[in-house]
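J.: I have a structure here, written as structure tokens, and I will follow up with some questions on it.
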Amino acid sequence: MKKILAIISIIGLLGAFAGCGRRTDEGRYWSAPNWTSTGKIVFLEHYCIQKWEQTISGWTQAGGSEEINLYEIDNNGSGLRKVAEIDSSEFEYGPELAPVSTSSAGNWIVLSIEDWRRGEHYPVIYIVKRNGDSLKEVGSGTYPDFSPDASKIVYEKPNQGIWIMNRDGSNDHCIVPDSNAKYPAWSPDDSLIGYMSGYTTYILTLNGDAVKHYPQTHFLDWGPLNSGKILVFYSSGEYVAIDIISQKIDTLPLGVEKWSPTGEYFIGRERDWFIIKKDGTSKWYLKDKIGGE
């Protein structure tokens, strides 16, 4: 009888212990920085609160909440401001949202996030004005990039190639049916579109006619308007800028990805995102100016 009572007491203690163990984890993650036409930087914040309960088998998730917020900051790290809340969610098991990319032209920003409430990796495209007004979902896709006048959006429709639509989502049509095509980028002179397929960069006219291609590349970005038709990418172990007319190649600072409209700065990434001048000076990290993880 005493043995049975002892076993019952142990089970009761375990049950009480399981109900008492609780913790909350809070995290802020900053990603997807890109330039505005005025030389500021836009980026996405993922703010997440996760709740946990301790059971006999270990810690299990017990709900939480999250937000995707859009921010803007000056190229010297000052002037941080929140532009808009893009989406928010309360979850039982999550997170359910994830930031992907941003692009800006004129007074507009286009961005993409993943919304797992609608399906695994489900991609959503939003537009919003830089003052935070007129937030609108305009389609399903990822890595959208504005035309220079912000009237059109080129984007990747996963496994369906590269597509173009009007800013409001109308006139949506495919220009590259290659299911492996990714990361489209609209040239600043409004004449060409670049994209990746495999480890090759392809350059097209706006109606889809091929112009050039560059093998063994890993990402692409266009140089500023006044630099001519220059591409930035990682190739053969170096970060380079190549003039697609003259074929002149310049080596760039390590890790750079996005060239500012003035040509003076780059956004780059090592473990964390950083901003650096073209000559390699004045480097600062986004996380050091705004906090986060």
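J.: When the Cα atoms of the chain are enclosed in a convex hull and the volume is divided per residue, what value in Å³ results?
T.: Roughly 160 Å³ of hull volume per residue.
J.: Given H placed on each backbone N at 1.01 Å, which residues far from Trp108 in sequence or on other chains put an amide H within less than 5 Å of it?
T.: Arg130
J.: Another question, if that's okay. Per the Kirkwood definition applied to all pairs of different Cα atoms, how many angstroms is the hydrodynamic radius of the stretch 35-119?
T.: It is 14.6 Å.
J.: List, in order, the whole-Hz ³J(HN,Hα) value for each residue of the stretch 104-111 obtained from phi through the Karplus relation with A = 6.51, B = -1.76, C = 1.60 and θ = phi - 60°; use x for Gly and Pro.
T.: Karplus values, whole Hz, x for Gly and Pro: 9, 8, x, 8, 10, 10, 10, 8.
J.: Under 20 Å between alpha carbons, and skipping anything fewer than 8 positions from Lys40 in its own chain: which lysines qualify?
T.: Partners within reach: Lys82, Lys129, Lys258, Lys277, Lys278, Lys283, Lys287, Lys289.
J.: Amide H neighbours of Gly63 under 5 Å, counting only residues 5+ apart in sequence or on other chains, H built in-plane at 1.01 Å?
T.: Here Lys51 satisfy the definition.
J.: From the phi of every residue in the stretch 214-231, what ³J(HN,Hα) in whole Hz does the Karplus formula 6.51 cos²θ - 1.76 cosθ + 1.60 yield, where θ is phi - 60° and glycine or proline is x?
T.: 10, x, 6, 10, 10, 6, 9, 8, 7, x, x, 4, 7, 8, x, 7, 10, 9
J.: After finding the eigenvalues of the alpha carbon gyration tensor for the stretch 152-282, what semi-axes result from the square roots of 5 times each, listed largest first in whole Å?
T.: Values for the stretch 152-282, descending: 25, 15, 15 Å.
J.: Same structure, new question: Using the alpha-carbon atoms, what tilt in degrees (0 to 90, nearest 10) does helix 2-20 show relative to the longest principal axis of the chain?
T.: Value to nearest ten degrees: 30.
J.: Hey, what's the Cα Rg ratio for the stretch 190-252 versus the globular rule of thumb, 2.2 N^0.38 Å?
T.: Ratio of Rg to 2.2 N^0.38 Å for the stretch 190-252: 1.04.
J.: Can I ask one more? For the chain, give the magnitude of the charge dipole about the Cα centre (Cβ charges: +1 Lys/Arg, -1 Asp/Glu; no others), in debye to the nearest 20.
T.: Dipole magnitude for the chain comes out near 660 debye.
J.: Oh, and also: Filter the trypsin sites (Lys or Arg not before Pro) in the stretch 201-283 down to the DSSP loop ones having no more than 16 other Cβ atoms within 10 Å, then list what survives. It would help to have the intermediate numbers written out before the result.
T.: Working: sites: Lys212, Lys229, Lys248, Lys258, Arg269, Arg271, Lys277, Lys278, Lys283; in loops: Lys229, Lys248, Arg271, Lys278, Lys283.
The qualifying sites are Lys248, Arg271, Lys283.
J.: To the nearest 20 Debye, how big is the dipole of the stretch 75-163 about its Cα centre, given +1 on the beta carbon of each Lys and Arg and -1 on that of each Asp and Glu?
T.: Using Cβ point charges on Lys, Arg, Asp and Glu, the stretch 75-163 gives about 420 debye.
J.: With θ set to phi - 60°, apply the Karplus curve 6.51 cos²θ - 1.76 cosθ + 1.60 along the stretch 60-72 and write out the HN-Hα couplings as whole Hz, x wherever there is a Gly or Pro.
T.: 10, 5, 10, x, x, 8, 7, 9, 10, 10, 9, 10, 9
J.: Using mean Cβ contacts within 10 Å as the protection proxy, how do 203-209, 215-221, 180-186 order, highest first?
T.: 180-186, 215-221, 203-209
J.: Further question: Using a 1.4 angstrom probe, figure out how much accessible area the stretch 220-293 has per residue, in square angstrom, rounded to the nearest whole.
T.: Solvent-accessible surface per residue comes out at 50 Å².
J.: DSSP beta bridges in the stretch 166-226, what fraction antiparallel, as a percent rounded to 5?
T.: The answer is about 100 percent antiparallel.
J.: For the chain, what is the calculated [θ] at 222 nm in deg cm²/dmol (nearest 500), taking -39500 (n - 2.57) for each run of four or more DSSP H residues and dividing by its residue count?
T.: -2500 deg cm²/dmol
J.: Please work out the ratio of the alpha-carbon Rg of the stretch 88-177 to 2.2 N^0.38 Å and round it to two decimals.
T.: Compactness ratio reported: 1.09.
J.: Counting Lys and Arg as +1 and Asp and Glu as -1, what is the net charge of the other residues whose Cβ lies under 15 Å from the Cβ of Thr60?
T.: Spelling it out: positives minus negatives among the neighbours equals 0.
J.: Oh, and also: List the GluC sites (Glu not before Pro) within the stretch 216-283 that fall in a DSSP loop (any state other than H, G, I, E or B) and whose Cβ has at most 13 other Cβ atoms within 10 Å.
T.: Glu270
The values are calculated or read from the model by the stated rules, or taken from the named source; none is laboratory data. These figures come from a predicted structure and were not determined experimentally. Here Cβ is always computed from backbone atoms with ideal geometry, including for glycine, and neighbour counts include all displayed protein chains. Each accessible area value is taken on the protein alone, full model and side chains, heavy atoms only, with ligands, DNA and RNA left out. Shrake-Rupley method; radii C 1.70, N 1.55, O 1.52, S 1.80 Å.
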